[in-house]
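Reading through the C-alpha coordinates given below for one structure.
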(Lines give C-alpha, C1' and ligand atoms only; values in the text may rest on other atoms or scores of the structure.)
Protein backbone atom coordinates (compact mmCIF):
# COMPACT_ATOMS: atom_id res chain seq x y z
CA UNK A 1 0.00 0.00 0.00
CA UNK A 2 1.13 3.55 -0.71
CA UNK A 3 0.61 6.64 1.41
CA UNK A 4 0.06 10.06 -0.16
CA UNK A 5 -0.28 13.46 1.48
CA UNK A 6 -2.41 15.93 -0.50
CA UNK A 7 -2.00 19.67 0.10
CA UNK A 8 -4.97 21.73 -1.11
CA UNK A 9 -4.94 25.42 -1.89
CA UNK A 10 -8.01 27.46 -2.79
CA UNK A 11 -7.55 29.19 -6.14
CA UNK A 12 -11.03 30.73 -6.47
CA UNK A 13 -14.16 31.20 -4.40
CA UNK A 14 -15.63 27.91 -3.24
CA UNK A 15 -18.73 26.72 -5.01
CA UNK A 16 -21.87 26.60 -2.80
CA UNK A 17 -21.95 22.79 -3.06
CA UNK A 18 -18.44 22.31 -1.58
CA UNK A 19 -19.62 19.89 1.16
CA UNK A 20 -21.36 17.72 -1.45
CA UNK A 21 -18.21 17.70 -3.60
CA UNK A 22 -16.16 16.58 -0.60
CA UNK A 23 -18.44 13.59 -0.07
CA UNK A 24 -18.38 12.67 -3.75
CA UNK A 25 -14.58 12.99 -3.71
CA UNK A 26 -14.43 10.54 -0.82
CA UNK A 27 -16.78 8.20 -2.70
CA UNK A 28 -14.59 8.44 -5.83
CA UNK A 29 -11.47 7.76 -3.74
CA UNK A 30 -13.13 4.61 -2.37
CA UNK A 31 -13.96 3.48 -5.92
CA UNK A 32 -10.25 3.82 -6.75
CA UNK A 33 -9.29 1.77 -3.69
CA UNK A 34 -8.06 4.79 -1.71
CA UNK A 35 -8.81 5.07 2.00
CA UNK A 36 -8.82 8.59 3.50
CA UNK A 37 -6.83 8.34 6.75
CA UNK A 38 -7.27 12.00 7.71
CA UNK A 39 -8.74 15.21 6.31
CA UNK A 40 -7.72 18.48 7.98
CA UNK A 41 -8.26 22.22 7.58
CA UNK A 42 -5.07 24.17 8.20
CA UNK A 43 -3.75 27.70 8.55
CA UNK A 44 -0.98 28.93 6.27
CA UNK A 45 -0.13 28.34 2.63
CA UNK A 46 -2.49 25.36 2.25
CA UNK A 47 -6.11 25.27 3.46
CA UNK A 48 -6.54 21.49 3.37
CA UNK A 49 -4.32 18.49 4.14
CA UNK A 50 -5.60 15.02 3.28
CA UNK A 51 -3.69 11.82 4.05
CA UNK A 52 -4.61 8.77 1.99
CA UNK A 53 -3.57 5.13 1.68
CA UNK A 54 -4.22 2.94 -1.32
CA UNK A 55 -2.79 1.04 -4.26
CA UNK A 56 0.90 1.46 -5.07
CA UNK A 57 -0.03 2.95 -8.45
CA UNK A 58 0.66 6.68 -9.07
CA UNK A 59 -2.05 6.91 -11.76
CA UNK A 60 -4.70 6.36 -9.08
CA UNK A 61 -3.48 9.46 -7.22
CA UNK A 62 -3.32 11.50 -10.43
CA UNK A 63 -6.99 10.62 -10.97
CA UNK A 64 -8.12 11.72 -7.51
CA UNK A 65 -6.06 14.95 -7.69
CA UNK A 66 -7.57 15.76 -11.11
CA UNK A 67 -11.05 15.00 -9.78
CA UNK A 68 -10.49 17.34 -6.83
CA UNK A 69 -9.33 20.15 -9.14
CA UNK A 70 -11.99 19.69 -11.82
CA UNK A 71 -14.23 22.60 -10.74
CA UNK A 72 -11.28 25.01 -10.64
CA UNK A 73 -11.71 26.04 -7.00
CA UNK A 74 -8.76 24.06 -5.58
CA UNK A 75 -5.21 23.25 -6.59
CA UNK A 76 -3.67 20.07 -5.19
CA UNK A 77 -0.09 18.97 -4.56
CA UNK A 78 0.41 15.24 -4.00
CA UNK A 79 3.37 13.97 -1.99
CA UNK A 80 4.24 10.27 -1.77
CA UNK A 81 5.11 9.43 1.84
CA UNK A 82 6.41 6.56 3.95
CA UNK A 83 6.65 5.92 7.67
CA UNK A 84 9.92 7.24 9.11
CA UNK A 85 10.92 3.75 10.33
CA UNK A 86 10.63 2.44 6.75
CA UNK A 87 12.79 5.31 5.51
CA UNK A 88 15.54 4.64 8.06
CA UNK A 89 15.57 0.95 7.06
CA UNK A 90 15.81 1.92 3.39
CA UNK A 91 18.65 4.36 4.15
CA UNK A 92 20.52 1.67 6.11
CA UNK A 93 20.44 -0.56 3.00
CA UNK A 94 22.12 2.03 0.76
CA UNK A 95 25.70 1.32 -0.32
CA UNK A 96 28.34 3.20 1.66
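Quick one: in segment 26-42, of everything that is closer than 14 Å to residue 67 by Cα and in contact with a strand residue (DSSP E or B) (Cβ under 9 Å, 6 or more places away or on another chain), which residue is modelled with the lowest pLDDT?
Result: 26.
Consider residue 85 carefully, then state whether it is surrounded by fewer than 16 Cβ atoms within 10 Å (Cβ to Cβ), on the phi < 0 side of the Ramachandran plot and in a helix (DSSP H, G or I).
Judged against the criteria, residue 85 is a match.
So which residues in segment 24-47 are surrounded by 15 or more Cβ atoms within 10 Å (Cβ to Cβ) and assigned to a loop (DSSP other than H, G, I, E, B)?
Selection gives 32, 34, 46, 47.
Would you point out which residue out of 51, 64 is assigned to a strand (DSSP E or B), touching a residue at least 12 places away in the same chain (Cβ under 8 Å) and closer than 18 Å to residue 1 by Cα?
Exactly one of 51, 64 is assigned to a strand (DSSP E or B), touching a residue at least 12 places away in the same chain (Cβ under 8 Å) and closer than 18 Å to residue 1 by Cα, namely 51.
Would you mind telling me which numbered condition in (1) touching a residue at least 60 places away in the same chain (Cβ under 8 Å); (2) part of a helix (DSSP H, G or I); (3) loosely packed, with under 12 Cβ neighbours inside 10 Å residue 91 fails?
Looking at each condition in turn, residue 91 falls short on (1).
The values are calculated or read from the model by the stated rules, or taken from the named source; none is laboratory data. For clarity, every value in this text was computed on a predicted model and none was experimentally measured. In this analysis, Cβ positions are derived from the backbone assuming ideal geometry, glycine residues included, and neighbour counts consider all displayed protein chains.
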